[in-house]
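Asks: Quick one: this structure, given as structure tokens, is what I'll be asking you about.
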Amino acid sequence: MFKRIPNNVLRLNLFKNFVNKFSTNKPSSQQFNELFTNEFDVDIEFFQNVKNQQRILDNIRDREMIDNFPELFADNLDSKQLGNRLIEISRTLPNDFHPIWNDRQHQTTIIDHIGQQQNFDFKPLKAEDLLFEMNLAQFSSITRGKLGIVGGPRSYMFIEQLAELSRALARWTMAELINKHGFTPVVTPNLIYSDFVRACGFEPFGERTQVYTMDGRRNVCLAGTAEMPLASMNLGENFATENDLPKLYCALSRCYRAEAKSSGEMSGLYRVHYFDKVEMFALTEPNDSDRMLDKFVSIEKSLFEQLGLYFRIVDMPPNELGPAAYRKFDIETYMYGRDFWGEISSASNCTDYQSKRLNITYQKFYFDSKTKAITEVRKNYVHTVNGTACAIPRIIIAIVEQNQSKKQDYFIIPECLRPFMKNDRIKMIKMNS
């Protein structure tokens, strides 16, 4: 005997099917101009409000981005003139930051320390020195290889067992994300148009940019992180209901960073022009993005605990946030050969910054409390969250510097990676004389 379905449920299902049929989950090339424009809805009244104007200016000051917006800080601007300027550049304005920073001093806040600090009875070497002496890597400095004349500064090459370790890190991390945490794997492109780079909160042009562009095609960029194509693959999506969210994606990709104005050593593994990275990315409904950020940090914590690293979790202040980030946590591991805390990962909640620029939305249904009939359907912007699961060169630094031996001719491989390797340690390669 069939169970009778209430009329209100039938009406809801029929309406959702109708919405599904006409939602834009599979955009065609003809729809591009509708799905992605350089303009999004601007609330003119919001920008003309004096209190909101002050809040925006304070946000820019706290992020130390005044040099990016000199036109907003010119003398003798009245409220109307300032409002007009804000409307004109609304697309480039940074995201708000989490209100927790309204009551804190704007300095990094250490949330937790995980693992045990190691006490060596010898002076630990930097990873690059050890790896070069073990014939496992070459770098761009004159004293550590020939790559300076091949690939320029900040280039490197992994050899034999170290190349295996790099591959093992990628395979293990992806397996953890897919099998334990339900991420959907994606193979992302290395090339991406500059409009999408900017929509994700990265400026592709200018002296301080970290984005590589192609000669002769300045609108084509090399992706600096899989976050860019993962966000952009959802261009113009209109999910039928909030029940279609969250969406969890992970990708292993080669990342390219110009590091144009970065300080520090010009060779080595810590700050390089290219590296492999496993990235996590999520689309959520607005009420769920803070929880998703916490989930990403928890996943990162689990991964680095399994690798046996000694690390800390840091809540980053407004002046350490990129334009898209509402809140960001960095994870730093202690690098013994360098004797400092080095960043190995970060996770950010970008709220609706990216989705507004990429037109990624979902349908939300509102009901009459008495009749249960649908009274309204609203299109809302999703929130986006991203996190680094494994930035391979920096994780290799941490593994090598933490697990080196007193003779400094081998280092131990973390137990979780051993199923992907031939041995439990990596030894010096003997060179033929």
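The values are calculated or read from the model by the stated rules, or taken from the named source; none is laboratory data. These numbers were taken from a predicted model, which means no experiment stands behind them. Methodologically, a virtual Cβ is constructed for each residue, glycine included, from the backbone with ideal geometry; neighbour enumeration extends over all protein chains shown.
Asks: Only one of (1) farther than 17 Å from Ser194 by Cβ; (2) surrounded by fewer than 18 Cβ atoms within 10 Å (Cβ to Cβ) fails for Tyr249. Which number is that?
Replies: Exception for Tyr249: condition (2).
Asks: What residue, of Asp315, Asp294, Asp288, is over 21 Å from Thr108 (Cα atoms) and among the acidic types (Asp, Glu)? Before the answer, list the steps.
Replies: Values: Asp315 fails: over 21 Å from Thr108 (Cα atoms); Asp294 fails: over 21 Å from Thr108 (Cα atoms).
Result of the check over Asp315, Asp294, Asp288: Asp288.
Asks: Which residues, taken from the range 359-390, are closer than 19 Å to Ser232 by Cα and among the β-branched types (Val, Ile, Thr)?
Replies: Those that are closer than 19 Å to Ser232 by Cα and among the β-branched types (Val, Ile, Thr): Ile360, Thr361, Val382, Thr384, Val385, Thr388.
Asks: Let me ask another. If we keep just the residues of the range 155-207 that are more than 30 Å from Met428 (Cα to Cα) and among the acidic types (Asp, Glu), which is modelled with the highest pLDDT?
Replies: Ranking the qualifying residues of the range 155-207, first place goes to Asp195.
Asks: How about the range 121-142: which of its residues are part of a loop (DSSP other than H, G, I, E, B) and either on the phi < 0 side of the Ramachandran plot or buried (at least 18 other Cβ atoms within 10 Å of the Cβ) (or both)?
Replies: Asp121, Phe122, Lys123, Pro124, Leu125, Lys126, Met134, Leu136, Ser140, Ser141
Asks: Residue by residue through the range 360-385, note down the ones that are without any contact (Cβ under 8 Å) to a residue 24 or more places away in the chain and in contact with an Asp or Glu (Cβ under 8 Å, 6 or more places away or on another chain).
Replies: Selection gives Tyr366, Thr375.
Asks: Further question: Answer with yes or no whether Phe183 is among the hydrophobic types (A, V, I, L, M, F, W, C) and out of contact with any Ser or Thr (no Cβ under 7 Å at 6 or more places or on another chain).
Replies: yes
Asks: Residue check, Pro323 against (1) under 30 Å from Arg61 (Cβ atoms); (2) in a loop (DSSP other than H, G, I, E, B); (3) touching a Ser or Thr at 6+ places or on another chain (Cβ under 7 Å), all met but one. Which one?
Replies: (3)
Asks: In the range 102-120, what residues are in a helix (DSSP H, G or I) and either basic (Lys, Arg) or at pLDDT 95 or above (or both)? Explain how you work it out, then say what you get.
Replies: So in the range 102-120, the residues in a helix (DSSP H, G or I) come out as 102.
Matches in the range 102-120: none.
Asks: Please tell me if Ser232 is over 26 Å from Asn380 (Cβ atoms) and either of a type in the set (Gly, Ala, Ser) or surrounded by fewer than 22 Cβ atoms within 10 Å (Cβ to Cβ) (or both). Reasoning before the result, please.
Replies: Working: over 26 Å from Asn380 (Cβ atoms): no; either of a type in the set (Gly, Ala, Ser) or surrounded by fewer than 22 Cβ atoms within 10 Å (Cβ to Cβ) (or both): yes.
Here the answer is no, as Ser232 does not meet what is asked.
Asks: Return yes when Leu147 is under 23 Å from Ile413 (Cβ atoms) and surrounded by 14 or more Cβ atoms within 10 Å (Cβ to Cβ) and no when it is not. So that I can check it myself, show each step before the final result.
Replies: Working: under 23 Å from Ile413 (Cβ atoms): no; surrounded by 14 or more Cβ atoms within 10 Å (Cβ to Cβ): yes.
No; evaluated as a whole, the condition is false for this residue.
Asks: Looking at Pro99, Pro94 in this structure, which one is at pLDDT 90 or above and in contact with a Pro (Cβ under 6 Å, 6 or more places away or on another chain)?
Replies: Pro94
Asks: Take Tyr326 and tell me if it is under 27 Å from Met174 (Cα atoms) and at pLDDT below 95. Steps first, please.
Replies: Details: under 27 Å from Met174 (Cα atoms): yes; at pLDDT below 95: no.
Criteria not met by Tyr326.
Asks: Which of the residues belonging to the range 162-197 are surrounded by 16 or more Cβ atoms within 10 Å (Cβ to Cβ), of a type in the set (A, V, I, L, M) and outside any strand (DSSP E or B)?
Replies: Leu162, Leu165, Ala168, Leu169, Ala170, Met174, Leu177, Val186, Val197
Asks: Would a scan of the range 238-245 turn up a residue that is closer than 29 Å to Ser166 by Cβ and assigned by TED's automatic domain parsing to the domain that holds Thr143? Steps first, please.
Replies: Going through the range 238-245, the residues closer than 29 Å to Ser166 by Cβ turn out to be none.
Looking through the range 238-245, none of the residues is closer than 29 Å to Ser166 by Cβ and assigned by TED's automatic domain parsing to the domain that holds Thr143.
Asks: Are there strands (runs of 3 or more DSSP E) fully within the range 341-414 with at least 3 residues that are in the same structural domain as Cys200 (by TED's automatic domain parsing) and surrounded by 24 or more Cβ atoms within 10 Å (Cβ to Cβ)? List them. Before you say what the answer is, go through the steps one by one.
Replies: On the way: elements: 361-367, 374-381, 383-391, 410-412.
Strands (runs of 3 or more DSSP E) meeting the threshold: 383-391.
Asks: Please go through (1) among the charged types (D, E, K, R); (2) outside any loop (DSSP other than H, G, I, E, B); (3) more than 27 Å from Pro229 (Cβ to Cβ) for Lys328 and return the number of the only condition it doesn't satisfy.
Replies: Failing condition for Lys328: (3).
Asks: Further question: Pull out all pairs, ordered by first then second residue, where Cβ-Cβ is under 6 Å, the residues are six or more apart or on different chains, the first lies in the range 143-161 and is part of a helix (DSSP H, G or I), and the second is surrounded by 12 or more Cβ atoms within 10 Å (Cβ to Cβ).
Replies: Arg144/Phe132; Gly148/Ser140; Gln161/Ile426
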